[in-house]
Amino acid sequence: MSRQTLQSGILESIGNRIIDGEYKTGQVLRTDDWETEFDVSRTVLREALKVLESMRLISMRRKIGVTVRPESEWNVFDPRVIRWRLASASPDRQMHSLTELRLSIEPIAARNAALKGTATQRAELLYHATQLEDAGLQLDLERLQEHDIAFHSRLLEASGNEMFAALAPMVTEVLTVTGRVVHDVLPENQTSPPQRAHTRAAEAIMTGNPVAAENAMRELLLEIDGQMAEAYAVFSARNAGVAQP
């Protein structure tokens with residue numbers, strides 16, 4: 001097994017335990033136990049722990065060891081932290097936070113794209129929206145997710161705001177994880193994102209209509225929020241062992 005694969009496995013395991021609260025805030029953890037559990041050298045383990053420290057999930061101090069940081073200090077924009085929080089036993093709070101963030105940014109990104117996006121960027125958005133719509137009609141979930149991610153990433157880039165564009169990896173992680181949950185728990189005819197809303201937003205951007213673009217994107221995200229709420233309610237009920245009708 002490669003060093004990188006080992007490190008990735010350690011990150012996933014310890015990261016998930018911190019997010020799920022198995023390791024409590026302020027708890028001091030023993031690296032010797034992990035060396036035995038993961039059967040790795042101290043060097044490989046330390047490299048993985050440095051990554052977790054960069055996410056601000058832990059702090060490492062000589063003579064003290066590894067200490068779990070409080071949630072308020074986590075780097076909540078790190079895509080891996082987002083993925084772990086969405087995969088945790090209580091993903092609802094993370095989903096709500098992400099939806100509020102996207103609602104505050106993506107409608108403005110759509111407005112900006114309509115005003116100052118390049119012809120190429122506008123054409124790409126319309127292409128991904130129409131491909132997404134077609135994939136939904138064909139129930140091609142893999143292609144649907146591919147174009148959904150591409151659409152929202154391109155939108156942030158087309159906004160002309162470098163801080164919006166920097167959020168693209170975060171949105172990609174959100175759409176990857178939530179798309180998997182939706183497809184796993186909802187009936188097949190409810191698994192598609194609202195394709196027509198994507199197309200309406202893309203058409204408004206293409207024609208340079210900032211108000212229509214902003215409104216369409218806000219509508220789209222509110223629809224998605226409703227779908228996510230339903231999907232995560234089913235997901236949480238299943239995890240709790242509640243029978244579904």
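Each value in this text was obtained by applying a stated rule to the coordinates, not by laboratory testing. As the structure is a prediction and not an experimental result, all values here were calculated from the model. Positions of Cβ are backbone-derived with ideal geometry, glycine not excepted, and every protein chain shown enters the neighbour counts.
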Shape category assigned to segment 89-169 from the gyration tensor of Cα positions, a/c cut at 1.5 | oblate
Which one of 99, 54, 145 has its Cα pushed farthest toward the positive end of the charge dipole of the chain, where Lys and Arg give +1 and Asp and Glu give -1 at the Cβ?
-> 54
Exposure proxy order (Cβ contacts within 10 Å, fewest to most) of 207, 172 | 207, 172
Using the 10 angstrom Cβ neighbour count as an exposure proxy, how do 142, 124 rank, fewest first?
-> 142, 124
The answer for residue 57, listing residues at least 5 apart or on another chain whose modeled amide H is closer than 5 Å to its amide H, is 75
Prolate/oblate/rounded label for the chain (Cα gyration tensor, a/c 1.5) | prolate
Taking a ≥ b ≥ c as the square roots of the Cα gyration tensor eigenvalues, with a/c under 1.5 meaning rounded and otherwise prolate when a/b beats b/c or oblate if not, segment 1-109 comes out prolate
Residue by residue through segment 74-85, the couplings from Karplus 6.51 cos²θ - 1.76 cosθ + 1.60 with θ = phi - 60°, in Hz, x for Gly and Pro, are 5, 7, 6, 8, 5, x, 6, 5, 4, 4, 5, 5
Would you mind calculating the relative contact order of the chain from Cα pairs under 8 angstrom and at least 6 residues apart, reporting the percent as a whole number?
-> 19 percent
Taking r as the C-beta separation of residue 42 and residue 115 and R0 as 51 Å, the FRET efficiency to the nearest 0.05 is 0.40
